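Reading through the structure tokens given below for one structure.
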Amino acid sequence: MACVDSNAERIRQLQEGHIPIFEPGLEELVERNAGAGRLVFRDSLGDETARADAVFIAVGTPTRRDSQAADLSFVNQAARGIAERLDPKQGRTVIVTKSTVPVGTASSIEKLVVAARPELRPGRDFDVASNPEFLREGSAIEDFMQPARVICGTEGAHAERVLRELYAPLNVRGSPMMFTDRATAELIKLASNSFLAMKVSFINEIADLCEQCNADVQDLARGLGLDQRIGPRFLRAGPGFGGSCFPKDADALVAIAREHGVDAHLVETTIRVNDSRKHAMAERVRALMGGCVAGKRIAVLGVTFKPNTDDIREAPSLVIVPELIAMGALVAAYDPAASANARSVSAFQGVLWVESAEAAMREADAVVLLTEWDEFRSLSAQRMAELLRGPIVVDLRNALEPKDLQSAGLQYYGVGRGRVQPTPAHRPGRDRKPD
Ligand code: UDX
């Protein structure tokens, strides 16, 4: 298999065995397969394209600057490059979109290929199929090896046969394959991510309600999830969803719905709820610190959008941290994987980056946990109490054990875990979170 990227520097790194992203297990996997000659990296499309049974387009589809729609310029560029190299005499190639794309992209790629090579006939000399990916960062290999489903959008028996053969090893191990038309496959991806994002926003709203009703969102989520129609996953309340997929794909779904004159109220609201939640979390910290954070030192633990990745795209930290700094707080932050990358991110200007959770917490007035890395779960409450100057622990991922922290003399505030009470010392007479 040949992996091609136009970024020559990245390809050079990969050829040297350096993986430019943090993804558990990926380095070993690449090393093993490159070492065995099964995997090569190139900075341009080569002769393999003409001989390939399938060519996957897996380039980025960022949100366009001028709208919520996806930018297809990289996809189209890749498709044009493939079109130039197709050679039916050397074999019929299936062009497969793996990138998350708007509905209708497979058929527009087909047209693009024909425009570039009028002599080629779709469905005879080449095919275009859609095969969306559902990999989560941090568990991408496991998700690939044991997918809940493999969705393939095809037109014609040849593309179906090639994809069936390709995925047969996963299918044999029990992962179902589903074949559908191309537009449906494209839409399944956007609908899946929008639905999961909606589930997260739903539980976040319920967490707010739990706080006002003195209920516990963790138990509530367990109770909800036991209903098999709902299911237990993606019901963890937190500071809002981020990452390279949920926000972008929800935006893309709304853009497509608009284009087709369809209301997507639920998804639009999901996006709005999530955006405002990130701001509300900064306000929550301020309220819990007595309504003013100016001059106070806040330890931030974790800035990635979730653990086991170094990705900070759309992370809640990108809103919460700058807002705390704008309010006058002195932020010392630590992330197990992203501290180095984050230093150059303009939103984090003014942050003091430190080398450990302990260093961040030393002499801090409060600690705010933004990402549920395992190493934070295992922090000793006693040690935290020794390091911190103030008693406030704001756990926006419900990753810490309230009882341990309270026994160590700290004030614990989770998300949706009973009533959030501002510190009595600062807000006498109030027993409800003001925001
Ligand atoms: C997601 C999809 O899960 C995956 O199928 C798709 O291919 C790519 O997008 P990913 O972005 O890696 O994967 O992360 P995911 O684990 O889905 O989490 C997305 C965001 O939702 C994170 O910010 C996470 O913290 C948040 N989240 C998730 C919650 O706040 N609560 C939950 O219960 C689950």
Counting only backbone N atoms under 18 Å from a point 7 Å out along Cα-to-Cβ of S244, the residues of the stretch 118-141 in range are 131-141
The alpha-carbon center of the stretch 265-294 and that of the stretch 65-138 are separated, in whole Å, by 40 Å
Along principal axes, largest first, the alpha-carbon spread of the chain in whole Å comes out as 80, 47, 43
In nm, the gap between the two label points placed 7 Å beyond Cα toward Cβ at S108 and R343 is 4.0 nm
Over the chain, the sum of -39500 (n - 2.57) across DSSP H runs of at least four, divided by residue number and rounded to 500 deg cm²/dmol, gives at 222 nm -12500 deg cm²/dmol
Per the rule of 0.36 nm per residue minus the C-alpha distance, extending A157 to N33 adds in nm 41.6 nm
Which of K199, K89, K248 fluctuates most in a GNM of the chain (C-alpha springs under 10 Å)? That residue is K89
Of the convex hull enclosing the alpha-carbon atoms of the stretch 156-270, the direction-averaged projected area in nm² is 9.8 nm²
Taking 152-160, 301-309, 43-51 and ranking on average Cβ neighbours within 10 Å, highest first, one gets 301-309, 152-160, 43-51
If R0 = 35 Å, then E375 and M1, at their Cβ-Cβ distance, give a FRET efficiency to the nearest 0.05 of 0.50
Taking 0.36 nm per residue of separation between D275 and R149 and subtracting their Cα-Cα distance, the length gained on full extension comes to 42.3 nm
If N is the residue count of the stretch 45-175, its Cα Rg over 2.2 N^0.38 Å rounds to 1.08
Output ordering of 25-32, 200-207, 337-344 (per-residue mean of other Cβ within 10 Å, highest first) is 200-207, 337-344, 25-32
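Read the figures in this text as sums done on the coordinates, not as results from a lab. This one's a predicted model, so the numbers in the text were calculated from it and none came from an experiment. Backbone-built Cβ (ideal geometry, glycine too); neighbour counts: all protein chains shown.
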